[in-house]
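Working notes, structure below.
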Amino acid sequence: MQQMSTYKRATLDEEDLVDSLSEGDAYPNGLQVNFHSPRSGQRCWAARTQVEKRLVVLVALLVAGLVACLAALGIQYQTRSPSVCLSEACVSVTSSILSSMDPTVDPCHDFFSYACGGWIKANPVPDGHSRWGT
């Protein structure tokens, strides 16, 4: 027969501890552990308090909602094909970015020159200035 442990927190005096040794194991910190078997005919769900039952239902609903959201996201991403923007604005911005890059430079060695090298070559610093914007 399976025994379930129950924990009861109590503040006891030393005299109470001596008296309670016959009821169950008592420890100096006031924690008492008793073992009892479930009553015959009493099922797991029926043995739970209303708060425990509500928490179990709440957790089950949250898990079901999470699974439904993940399934919906999975279906959405599988059915969506990546679209390519071919509008005038997209093509113009892409052209500007690509013209600012210097594809001859290895980005692992000098990322700044890779990302901005084309712009630096196309826009040299004006004579008499040490930088742009002054």
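The numbers here are math on the coordinates, done by the rules we state, and not lab data. Please read these numbers as outputs of a predicted model, since none were measured by experiment.
Coupling constants for the range 53-67 follow from the phi torsions by the Karplus curve (6.51 cos²θ - 1.76 cosθ + 1.60, θ = phi - 60°), and in residue order they are 4, 5, 5, 5, 5, 4, 5, 4, 5, 5, 5, 4, x, 5, 4 Hz; glycine and proline get x. Here the 3J(HN,Hα) profile of the range 113-125, calculated from phi with Karplus coefficients 6.51, -1.76 and 1.60 at θ = phi - 60°, is 5, 5, 7, 10, x, x, 5, 5, 5, 7, 10, x, 5 Hz, Gly and Pro shown as x. Once a ≥ b ≥ c are taken as the square roots of the eigenvalues of the Cα gyration tensor of the range 84-134, is the result rounded (a/c under 1.5), prolate (a/b larger than b/c) or oblate (a/b not larger than b/c)? Verdict is oblate for the range 84-134.
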